[in-house]
Amino acid sequence: MNDIWNGFYGQENVKEILNNIVGSNKIPHAFLFSGKEGVGKDFCAIKFAYLIYSKLFKNDLEIDKKLKSISSFSEPYIKYIIPLPRGKSETDVNGPFDKLDNDDIQLYREELNTKISNPYHQIKLPKANNIKISSIRDIKNFLSMNYDDIPYRIILISDAHTMSDSAQNALLKNLEEPPEGVIFILTTPFKNQLRETIRSRCWNINFKPLSNNELKGILKQYYDVDDEVSDKLVPFADGSLSTAIKLLELDFDDLLNKTISILRFSLGRRYNTAYKLISEIIDKEGTGAFTFLIQMIIFWLNDVQKYKLNYQEFYFSNHLDTIKKFSENFPSTDINSVAQSLEDLLLQQKNNANINILTLSLILKLARVSILK
């Protein structure tokens, strides 16, 4: 039984719950896997399907073939629903792929193949912000087909929170009267964006952030990241593989050094220099890099707090000189208040505030520390 979970890191409590459910032979018809982005929720759904087939149908002569179909996201064993872009002139009457152009379809296939070979891969398609109502309506067609030789079928809805109200209503109808042998698995980092009527019909299972060692294991096995790089990077990932991968893509060492430079320029009230550096990063890496800059600065502020409390482990272990100088020059600074003000900027960014205004606000908030000295 433990072999089923090979390659899936962490989440021991989740594994125990799912093992017990399958062992009871009383499998609920709907699950909600919630937890922060990048902790393996979709991968766990695939492993859960493995577990069901391996436990309940271990004498099936075609079990290996069926498990391969599950891992390949192949219908009719599993229907995989994710956010998709809208095609030109697409309406809700069209099927989810009907109006997509060849490039979109090709990219989808490439991303799906990557996920098949690396189940921790997160599929991201341009302009795919929502799960279409047509994708949910398509479930009806999937369920209308009878497969006597397939005892369980899985409907996996990834990023379920991106369903519109109409899509959630359509899903609710399926959840209210689920056919025998069909299991819905919804995965999301934002379960509160789902209707209570959906949440209440699902068996809720919460996923924890991954430990640093678990992240290192995933990065090594699935992304071929060496130990030296992951040792530096994973403390900043906050238990999320998605964050770790984004930090890799941003050139982590460069981001680390530029974070220190932005702090020095802002605290030294070199506003134009700080603004120019942040703008260059955003122009090169996109507005998402602004989020990571703020998070990195918050980590640095946490190190300042640790230094004051005589802790020995730091995120910015190679930049202790900046932490020491800040603590000596600004001993009365309310670190928690500064960090909270930066958290507010992250919230504003999520609400689509102007990135130039946010950049200026970040610099001024940091500069204010030295002005109030």
Within the range 172-186, tally of residues that are touching a helix residue (DSSP H, G or I) at 6+ places or on another chain (Cβ under 7 Å) and open to solvent by 10 Å² or more (accessible area, probe 1.4 Å): 3
Which helices (runs of 4 or more DSSP H) does the range 59-170 wholly contain that include 1 or more residues that are free of Cβ contacts under 8 Å to residues at least 12 places away in the same chain and among the hydrophobic types (A, V, I, L, M, F, W, C)? 63-71, 102-117
Please specify each residue of the range 187-196 satisfying the condition of being within 12 Å of ASP165 (Cα to Cα) and either open to solvent by less than 70 Å² (accessible area, probe 1.4 Å) or in contact (Cβ under 8 Å) with a residue 60 or more places away in the chain (or both). LEU194
Please verify whether SER242 is at pLDDT below 95, of a type in the set (Ser, Thr, Tyr) and more than 16 Å from the chain's Cα centre (by Cα), treating the condition exactly as stated. no
Look through SER332, SER341, SER337 and report the one residue that is in a loop (DSSP other than H, G, I, E, B), open to solvent by 20 Å² or more (accessible area, probe 1.4 Å) and among the small types (Gly, Ala, Ser). SER332
Output the residue which, of all residues in the range 211-237 that are small (Gly, Ala, Ser) and assigned to a loop (DSSP other than H, G, I, E, B), is most open to solvent (accessible area, probe 1.4 Å). SER211
Return the pairs, sorted by first residue and then second, in which the second residue is polar (S, T, N, Q) and in a helix (DSSP H, G or I), the first residue lies in the range 256-274 and is touching a residue at least 12 places away in the same chain (Cβ under 8 Å), the beta carbons are less than 6 Å apart, and the residues are 6+ apart or on different chains. ILE260/THR322; PHE265/THR273; LEU267/SER370; ALA274/SER266
Anything in the range 345-355 that is without any contact (Cβ under 8 Å) to a residue 60 or more places away in the chain and surrounded by 12 or more Cβ atoms within 10 Å (Cβ to Cβ)? List them, or say none. LEU345, LEU346, GLN348, ALA353
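The values are calculated or read from the model by the stated rules, or taken from the named source; none is laboratory data. Since this is a predicted model, take the numbers as computed values, not measurements. As a convention, Cβ positions derive from the backbone with ideal geometry for all residues, glycine included, and neighbour counts pool all protein chains shown. Just the protein is used for accessible areas: all its heavy atoms, side chains included, with ligands, DNA and RNA removed. Shrake-Rupley method; radii C 1.70, N 1.55, O 1.52, S 1.80 Å.
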